[in-house]
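Only one structure is covered here, and it is reproduced in the block below.
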Amino acid sequence: MICTLCKTKTTLFSEHQERAFYICGNCETVLLHPDYYLNNQEEKGRYDLHSDDVTALGYQNFVKPITDHVIAHFNKEHTGLDFGCGKTEIVKYVLEQNGYAVKGYDPFYFNDISLLALKYNYITSCEVIEHLYQPRKVFQQLYDMLLPNGMLILKTSLYSLDLNFEKWWYKNDPTHVTLYTQKSLEFIKKYFGFKSLEIFDKHIVLSK
């Protein structure tokens, strides 16, 4: 199996709950083998189970690391895209409540591909990049959509090789097919040409 991020050969890393995960020797990304991918209907069925209540404080707090970062670094004149916004567009909702102009794109719920041809000061993506089947292609697309000095603001759970993978809860979601390490993010920064990478407690920022 070839790494879908850096195109380097991978090796078998773990066989758990009848699924096989491979690890890249170059960027340390952990990948679910394609034989275990859900089909589109099954994948959407999982996303349909997500919360619907954008007014719920707990739901808003979940995306708060991302929305707070936008509010701290951009003003209401800047343009933003929430990539993989989901059916509720929760990040877009919170930012719009604060007067920000944000568009939402999602291949399952808001598949307006014209939004992907525009340029943005910031792009947010909350719990999305772990679902990417073609991360190399998508990160190039996201980089290209950012204006100079723009930010890609992400939320995902990073894996570390000192963790027990079999007990690591994050891999258990069947839609989580691409699992990143710090080395994965360092590859993304260098390969796509981001100026900086910041890894915070609950979010990640790549600056162009």
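The values are calculated or read from the model by the stated rules, or taken from the named source; none is laboratory data. Just so you know, these numbers come straight off a predicted model, no measurement behind them. When we count neighbours, we look across all protein chains shown, and the Cβ atoms used for this are built from the backbone with ideal geometry, even at glycine. Quick note on the areas: whole protein, heavy atoms, side chains included, nothing else; ligands and nucleic acids left out. Shrake-Rupley method; radii C 1.70, N 1.55, O 1.52, S 1.80 Å.
Taking the range 61-81 only, how many residues are more than 18 Å from the chain's Cα centre (by Cα) and outside any helix (DSSP H, G or I)?
Adding up the residues that qualify gives 6.
Might you check whether a residue that is in contact with a helix residue (DSSP H, G or I) (Cβ under 9 Å, 6 or more places away or on another chain), open to solvent by less than 60 Å² (accessible area, probe 1.4 Å) and not in a loop (DSSP other than H, G, I, E, B) occurs anywhere in the range 37-44?
There is at least one residue in the range 37-44 that is in contact with a helix residue (DSSP H, G or I) (Cβ under 9 Å, 6 or more places away or on another chain), open to solvent by less than 60 Å² (accessible area, probe 1.4 Å) and not in a loop (DSSP other than H, G, I, E, B).
Considering only residues that are open to solvent by 20 Å² or more (accessible area, probe 1.4 Å) and small (G, A, S), look in the range 57-83 and name the one that is modelled with the highest pLDDT.
The extreme case among them is A72.
Just a yes or no: is a residue in the range 131-153 of a type in the set (D, E, K, R), open to solvent by less than 50 Å² (accessible area, probe 1.4 Å) and modelled with pLDDT of 95 or more?
No, there is no match, as no residue in the range 131-153 is of a type in the set (D, E, K, R), open to solvent by less than 50 Å² (accessible area, probe 1.4 Å) and modelled with pLDDT of 95 or more.
From the residues in the range 43-99 that are β-branched (V, I, T) and in contact with a strand residue (DSSP E or B) (Cβ under 7 Å, 6 or more places away or on another chain), which one is nearest to Y143 (Cα to Cα)?
For the range 43-99, the residue satisfying everything is T79.
For the range 86-102, which residues satisfy the criterion of being touching a residue at least 24 places away in the same chain (Cβ under 8 Å) and either open to solvent by less than 20 Å² (accessible area, probe 1.4 Å) or not acidic (D, E) (or both)?
G86, K87, T88, I90, V91, Y93, V94, L95, N98, Y100, A101 - these are the residues of the range 86-102 that are touching a residue at least 24 places away in the same chain (Cβ under 8 Å) and either open to solvent by less than 20 Å² (accessible area, probe 1.4 Å) or not acidic (D, E) (or both).
Could you say which residue among D162, D112 is at pLDDT 95 or above, open to solvent by 40 Å² or more (accessible area, probe 1.4 Å) and either within 14 Å of the chain's Cα centre (by Cα) or more than 23 Å from N26 (Cβ to Cβ) (or both)?
Within the list D162, D112, the selection yields D112.
Name the pairs: first residue in the range 164-181 and in contact (Cβ under 8 Å) with a residue 12 or more places away in the chain, second residue of a type in the set (K, R) and open to solvent by 40 Å² or more (accessible area, probe 1.4 Å), Cβ to Cβ under 9 Å, at least 6 apart or on different chains?
D173/R46; P174/R46; T175/R46
Yes or no: Y133 in contact (Cβ under 8 Å) with a residue 40 or more places away in the chain, hydroxyl-bearing (S, T, Y) and part of a loop (DSSP other than H, G, I, E, B)?
Answer is yes for this residue.
Considering only residues that are touching a helix residue (DSSP H, G or I) at 6+ places or on another chain (Cβ under 6 Å) and within 24 Å of D68 (Cα to Cα), which ones fall in the range 158-205?
Passing the criteria: I188, L197, K202, H203.
Would you please name the residue that is surrounded by the fewest Cβ atoms within 10 Å (Cβ to Cβ), looking only at residues in the range 2-22 that are over 22 Å from the mean Cα position of the chain (by Cα) and either small (G, A, S) or not in a strand (DSSP E or B) (or both)?
E18
Collect the residues in the range 138-148 that are in contact (Cβ under 8 Å) with a residue 12 or more places away in the chain and out of contact with any strand residue (DSSP E or B) (no Cβ under 7 Å at 6 or more places or on another chain), keeping them in residue-number order.
F139, Q140, Q141, Y143, P148
Go through the range 151-183 and give me each residue that's assigned to a helix (DSSP H, G or I) and either over 26 Å from R46 (Cα atoms) or aromatic (F, W, Y) (or both).
F165, W169, Y170, Q182, K183
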